[in-house]
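One structure below.
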Amino acid sequence: DLKADSHMGQSLLKAARKLEDGNDEIDYTYVANYSIKFQGCHHVSQWNAEVDEDNDVRLQTVRLARFRLCATGSCSNSKTAGCSSGYGDYVVDLNTFVESYLQDKQQTEEYNCQVAEENSGCDADDVDDQDTCQYSYYMSQGLDYCIENEDGEEEFDAQEYAQCAQVEFEAGNDDDNRRRKLEEDEEVQYFIGAYCADQGGEIRLGLFTDDTCTEMSETSYSSLSGGSSLPYSTKSLISEECISCREPNDDENQDGDDAEDEDQVKEICEQVYSYAGKCETNMNIAYPSTSGCNYIEGIKITRNDGVIRTESTRASKGASVAIGLFATTAILLGAYVYYLKSKLGGTINLSSI
C-alpha cells in the first residue's frame, strides 16, 4: 500500500483543488490522512503525433497506472483493492507514476539509512570496526540497500528509465561475439522503459527499439550487455504496500524542500494527483471530483496482457437472426434432398433442384 504520507504518496495525490467556477485553491490537506494503493496498469493505443521519420511507429502504446486513495488506517497491504469504503480512484500516465514512485523510494531509503546510522551506536568509542558494526546493524534491520557497493561496478539506476530512454551497449575487447552482434545492429537504437506485465498487475522494465517504448526488442538485453539481466524485467518496480502521503513529523527533511510548506502532504502526492483523472464519489470530502469516473469504470475489464477492453463483447441481434435463418434453410434443404433420394432411389443432381 502506498501511504499518502510517504514521499510517493504525496507526489501522486495532491493536486491543487480548484473551484469549478473560479481559480481559488481548495483545501487539500485532507490527503495527508490517506495512503496510496497501486492497483494495476493498462495499455491503450493512440496515433503518434510526433512521427517525423519513416521508421517511427505510427501507433504508439500509452500506458496508464491506476491507484486508489485509502484512509491510512484502513489501507491494507495484503488486499489488491487496498480498502472497500471511503476511497477515491485515480488513473495517471504510467511514466509519471513510476518516476514519482522511484523518487520517493530513493528519498525514503536515504532517510532510513541516515536514521539507522544514527541509532546503530557504531560511533561509540568501544567499537573497534565501525564498518562491520554498521553492516551488521543494517542487515539486522532489513536495510540491505544501505550497504554500499564495493565492487567498483556502476549500479543500475532505474530512475534513468522512468521515462522511455535510450540505452547504449559497449562490447569489451574480450567479447568478440557481443562486439559482432553490436556491429550488426549498429543501425538499431535500443530504449528501456516501463510497461505493464502479469495481466496488468505489475510494472516492469523492458527493452524496446523505438523512442516511445512501443516495439519490444527481439534481441535480448542479455545478449547485448554481456550476459547480465535487465533489472526489474522479471519482477515489479512497484511495491504492493500502501504509501502514506503525510510528511514526516521529525526535523529530518525527508521530503526535500516540500517539508517546509504547511500542508503536511508530500510532494510526490502533489505532483501525481495534479495529473490524475479522478473519481471521488466514495470520498466524504467537500469538493469531490468525478470527472474521471466514466473512464475509470471503463478500464476495469482487461485482457491477460493488460490491454484495455472497455466492455464485454455483446452479441449482434442482426447477426444472430441471419445465422439462425441460414441454419434453418440448410437443415430444410438437407431434409428435402434426403427425401428425394429415398423416394427416387438414385443419385440426386442438386443443380437441377
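The values are calculated or read from the model by the stated rules, or taken from the named source; none is laboratory data. On a predicted model such as this, the values are computed, not experimentally measured, just so you know. As a convention, Cβ positions derive from the backbone with ideal geometry for all residues, glycine included, and neighbour counts pool all protein chains shown. Just the protein is used for accessible areas: all its heavy atoms, side chains included, with ligands, DNA and RNA removed. Shrake-Rupley method; radii C 1.70, N 1.55, O 1.52, S 1.80 Å.
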Output the residue which, of all residues in the stretch 268-289 that are assigned to a loop (DSSP other than H, G, I, E, B) and touching a strand residue (DSSP E or B) at 6+ places or on another chain (Cβ under 6 Å), is surrounded by the fewest Cβ atoms within 10 Å (Cβ to Cβ). Y287
Criterion: closer than 25 Å to H43 by Cα, part of a strand (DSSP E or B), acidic (D, E) and within 28 Å of the chain's Cα centre (by Cα) - qualifying residue of D104, D89: D89
Suppose the filter is part of a helix (DSSP H, G or I), under 18 Å from D157 (Cα atoms), of a type outside the set (V, I, T) and modelled with pLDDT of 90 or more; does S222 pass it? yes
In the stretch 122-155, anything open to solvent by less than 70 Å² (accessible area, probe 1.4 Å), outside any helix (DSSP H, G or I) and touching a residue at least 12 places away in the same chain (Cβ under 8 Å) is listed as C122, L143, I147
Those residues of the stretch 198-246 which are among the aliphatic types (A, V, I, L, M) and under 19 Å from the mean Cα position of the chain (by Cα) amount to I203, L205, L207, M216, L230, L237, I238, I243
Contact list please: Cβ distance under 6 Å, first residue in the stretch 94-118 and of a type in the set (D, E, K, R), second residue surrounded by fewer than 21 Cβ atoms within 10 Å (Cβ to Cβ), pairs at least six apart or on different chains. E109/Y145
Mind listing whichever residues of the stretch 192-218 are surrounded by fewer than 17 Cβ atoms within 10 Å (Cβ to Cβ) and hydroxyl-bearing (S, T, Y)? none
Can you name the condition, by its number, that Y101 falls short on among (1) out of contact with any Leu (no Cβ under 9 Å at 6 or more places or on another chain); (2) open to solvent by 10 Å² or more (accessible area, probe 1.4 Å); (3) not aliphatic (A, V, I, L, M)? (1)
For the stretch 107-121, what are the residues that are under 14 Å from D144 (Cα atoms), open to solvent by 70 Å² or more (accessible area, probe 1.4 Å) and over 25 Å from the mean Cα position of the chain (by Cα)? Q114, E117
Residue list for the stretch 40-75, restricted to those being under 21 Å from E202 (Cβ atoms), at pLDDT 90 or above and open to solvent by 30 Å² or more (accessible area, probe 1.4 Å): none
